[in-house]
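All remarks here apply to the structure that follows.
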Amino acid sequence: MTDLYIGMMSGTSLDGVDAVLVRFDETGRPALLADHVLPYPAAIKQAVLALQPRGHDELHRSQTLANQLADIYAQTVQQLLAKAGRAPGDIRAIACHGQTVRHAPHHGYTIQLGNMSRLAELAGIDVIADFRSRDVAAGGHGAPLVPAFQQGAFSSVDEKRVILNIGGISNLARLHAGAAAIGFDCGPGNMLMDAWCLRHTGQPYDDDGCWAAGGAVHAPLLAALLAEPYLTQPPPKSTGRDLFDDAWLADKLNALSAQPSPQDVQATLLAFSARSIADAILEHCRGNQAVYVCGGGARNGALLAEIARLLPGQRLEAIEALGLPAQLIEAIAFAWLGWRFDRRQAGNLPAVTGAQGPRVLGALYPR
């Protein structure tokens, strides 16, 4: 059996597809051989966003989008293999996360779109997908799943660490020697900032946080954002666009007696992301010594500076210091979940997700 896996992740930021080619040793330690990023066309991003709220003809629109996503995933695989000089027959499986359009573990389901049968047909490679549903069926949140990988890849007996992923949603994994690993979604990472920046500047994100840095934090708006009950719920917990969407922000803005400028809103959204992250670390990761950052937010210097200011005495570093690239941790983690599925080994951490016990995660779509 080949030990090469392709991991594919398309997250809440809706930037596109991150794909990696990974070889695992017998212990599950990854060696990254190649990577590729394929941005989403604007029409795909809009189609995903349109499915977040309830709407007309959802079933047809969701399945049409699932087919389109499969085509994009297959294209990503082909380009990754070409870059790596590999053929489909060299690959054991594609481990594909799919695109989350609805996350409702409190109702017993989570939906990651992508026609995986179509992907297997187009790629000529076995596909492993639907990683979250089994954890939800066992009473868990189905998220976050990456801490299970991070525990093996990044734990240290010499340092109390937090692995912080700042994607559309921010989430953390506490890796403290002598204590059980925990992990949960902190709140919005880049999601609200990106949407606001696109609306008011036409740019898909605030490069290095420069636009936010030129504004002033609006104290009443920040207080309203921080009053969100989710932030003080104890873990296990998970969240997404189902809560922190444009309508949520609009409600907070409409309740203000005076409207801040768009740039001041951006500054406030950055402060909100930083506070929700820092408060979570201070509350649930006491004694922490270092925070290693991955995800798109690792490129936002203004956001990292604010997080560092709120966490005095803790070292803040990019996760590259631990040997893997910041933008690809989630894709590598899902490749690892595919590797675990093949060996029928559990892929979740019940202390993180709240599931009743360890479960093998995923479903197989043979080529």
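The values are calculated or read from the model by the stated rules, or taken from the named source; none is laboratory data. Keep in mind it's a predicted model, so treat the numbers as computed, not measured. Note that we place each Cβ from the backbone using ideal geometry, even for glycine, and neighbour counts take in every protein chain shown. Areas reflect the complete protein model, heavy atoms only, side chains present, ligands, DNA and RNA absent. Shrake-Rupley method; radii C 1.70, N 1.55, O 1.52, S 1.80 Å.
Applying both filters, DSSP loop and at most 13 other Cβ atoms within 10 Å, to the trypsin sites (Lys or Arg not before Pro) of segment 32-100 gives Arg54.
Share of pairwise Cα-Cα distances greater than 37 Å in the chain is 15 percent (whole percent).
Net charge around Tyr5, counting only other residues with Cβ within less than 15 Å of its Cβ (Lys, Arg = +1; Asp, Glu = -1)? Can you show the working numbers first?
Values: positive: Arg23, Arg29, Arg86, Arg92, Arg340, Arg343, Arg367; negative: Asp3, Asp18, Asp25, Glu26, Asp35, Asp90, Asp126, Glu330, Asp342.
After counting each charged neighbour, the total is -2.
Taken about its Cα centre, segment 209-367 carries a charge dipole of about 640 debye when Lys and Arg each add +1 at the Cβ and Asp and Glu each add -1 at the Cβ.
Summing Lys, Arg as +1 and Asp, Glu as -1, what charge do residues with Cβ under 12 Å from the Cβ of Leu337 carry, Leu337 excluded? Before the final figure, lay out the partial values.
Details: positive: Arg132, Arg134, Arg340, Arg343, Arg359; negative: Asp130, Asp135, Glu330, Asp342.
The answer is +1.
Looking at Thr76, Pro39, Ser257, which one has the Cα that reaches farthest to the positive end of the dipole of the chain (charges on Cβ: Lys, Arg +1; Asp, Glu -1)? Of Thr76, Pro39, Ser257, it is Thr76. Ligands, DNA and RNA left out, the accessible area of the chain computed with a 1.4 Å probe is 51% carbon and sulfur.
Rolling a 1.4 Å probe over the protein heavy atoms leaves Glu228 with an accessible area of roughly 20 Å². Which residue fluctuates the most in the chain, going by a Gaussian network model with Cα springs under 10 Å, if the choices are Ala180, Ala308, Ala129? Maximum among the listed residues: Ala180. When nucleic acids and ligands are ignored and a 1.4 Å probe is applied, Glu317 ends up with an accessible area of around 60 Å². Placing +1 on each Lys and Arg Cβ and -1 on each Asp and Glu Cβ, with no other charges, gives the chain a dipole about its Cα centre of roughly 640 debye.
Suppose every K and R has +1 on its Cβ and every D and E has -1 on its Cβ; what is the size of the dipole of segment 67-176 about the Cα centre, in Debye to the nearest 20? Walk me through the numbers on the way to the answer.
Details: 10 positive and 8 negative charges, 38 e Å.
Roughly 180 debye, rounded to the nearest 20.
Counting Lys and Arg as +1 and Asp and Glu as -1, what is the net charge of the other residues whose Cβ lies under 9 Å from the Cβ of Ala74? Charge balance in the 9 Å sphere: -1. Considering the dipole of segment 47-160 built from charges on the beta carbon (Lys and Arg +1, Asp and Glu -1) around the Cα centre, which of Ala66, His103, Leu49 is farthest to its positive end? Checked the options; the winner is Leu49. Note on the chain: GNM, Cα springs under 10 Å; of Ala84, Ala181, Ala137, the largest mean-square fluctuation is that of Ala84. Helices in the chain, meaning DSSP H runs of at least 4 residues, each add -39500 (n - 2.57). Divided by all residues, the mean residue ellipticity at 222 nm is -11500 deg cm²/dmol.
For the residues Gln263, Gln233, Gln78, a GNM of the chain with alpha-carbon springs under 10 Å puts the largest fluctuation on Gln233.
Please figure out what share of the DSSP beta bridges in the chain is antiparallel and state it in percent, rounded to the nearest 5.
On the way: 35 of 51 bridges.
Looking only at bridges with both residues in the chain, the antiparallel portion is about 70 percent.
Based on C-alpha pairs under 8 angstrom that are at least 6 apart in sequence, the chain has a relative contact order of 23 percent.
Listed by chain and number, the aspartates and glutamates placed with their C-alpha closer than 18 angstrom to that of Lys160 are Asp279, Glu283, Glu317, Glu320; residues fewer than eight positions away on the same chain are left out. Excluding ligands, DNA and RNA, the accessible surface per residue across the chain is 41 Å² with a 1.4 Å probe. For Leu316, nonlocal amide neighbours, meaning residues 5 or more places apart or on other chains whose placed amide H falls under 5 Å from its own, are Val291. Within straight-line reach of Lys45, meaning a Cα separation under 12 Å, sit the following aspartates and glutamates at least 8 residues removed in sequence or on another chain: Asp15. Of the DSSP H helices in the chain, those that are both long (alpha-carbon extent of 24 Å or more along the helix axis) and hydrophobic (Kyte-Doolittle mean at least -1.0) are 58-84, 262-284. Determine how large the accessible area of His107 is when every protein chain is in place; take a 1.4 Å probe and give Å² rounded to the nearest 10. About 130 Å², rounded to the nearest 10.
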